[in-house]
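Structure, as C-alpha cells:
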Amino acid sequence: MKDIRIKTTDVELTDAIRDYVNEKVGQLERHFGSEPTNIDVELEKESGRNSGPIYRCEVNIEVPGEAAVIRADSNEADLYAAIDTCIPKLKEQLEHERKKRDTLIKKGGREFKEILQSMDSENI
C-alpha cells in the first residue's frame, strides 16, 4: 500500500497513533479497485467545548479512475474512536464505487456482445 500521509492539529503524532492509522486504513486495501494515489489522514483536537475535547478524524483517498475523492470524517470524544468510525464510512463508499464500476463493465460487455451478434447475423 502507498504511504499514508498523516497531518495532526493539536495532537502529538506518536508511533502508536501512526501504527493504528496504518492498520485501520490498511484494512481497506482489499476494497480498492486499483492502488490509491494519495491517502491523507487528518487528526485534530477541537477544544473550547463544555464537554471536553472532541477529536476529529478526516480521511481522503484518491483512487485512479474514480470520479471523485473518497472522503469520510467523524467526531468523537476519543481519538481512536474517531479513527474507528471513519473506516466503515470509507468501506461503504469504496464498495459503492466498486459496484458502479462492475456494472459499467458488464454493461459494456453486453453492448459488445450485441454488436458482435448483429454483425454475425448480417453476414449470414
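The values are calculated or read from the model by the stated rules, or taken from the named source; none is laboratory data. Quantities reported herein were computed from a predicted structural model and do not represent experimental measurements. A quick note on method: Cβ atoms are made from the backbone with ideal geometry, for glycine too, and the neighbour counts reach across all protein chains shown.
Numbers below:
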{"read-out": "Sole residue being modelled with pLDDT of 85 or more, surrounded by 10 or more Cβ atoms within 10 Å (Cβ to Cβ), hydrophobic (A, V, I, L, M, F, W, C) and closer than 23 Å to residue 53 by Cβ, chosen from 87, 70", "value": "87"}
{"read-out": "Count of residues meeting criterion [assigned to a helix (DSSP H, G or I), surrounded by fewer than 17 Cβ atoms within 10 Å (Cβ to Cβ) and either of a type outside the set (Asp, Glu) or in contact with a Cys (Cβ under 7 Å, 6 or more places away or on another chain) (or both)] in region 2-22", "value": "4"}
{"read-out": "Tabulated pairs, region 95-123, first closer than 28 Å to residue 28 by Cα and of a type outside the set (Phe, Trp, Tyr), second in a helix (DSSP H, G or I) and at pLDDT below 80, C-beta under 8 angstrom, 6+ apart or interchain", "value": "95/31; 98/31"}
{"read-out": "Residue 97 being modelled with pLDDT under 85, assigned to a helix (DSSP H, G or I) and within 25 Å of residue 43 (Cβ to Cβ)", "value": "yes"}
{"read-out": "Which numbered condition residue 119 fails, given (1) part of a helix (DSSP H, G or I); (2) surrounded by 10 or more Cβ atoms within 10 Å (Cβ to Cβ); (3) aliphatic (A, V, I, L, M)", "value": "(2)"}
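So that you can scan it fast, the table gives a plain yes or no per residue for (1) of a type in the set (Val, Ile, Thr); (2) assigned to a loop (DSSP other than H, G, I, E, B); (3) more than 23 Å from the chain's Cα centre (by Cα):
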{"site": "24", "(1), (2), (3)": "no, no, no"}
{"site": "64", "(1), (2), (3)": "no, yes, no"}
{"site": "68", "(1), (2), (3)": "no, yes, no"}
{"site": "108", "(1), (2), (3)": "no, no, yes"}
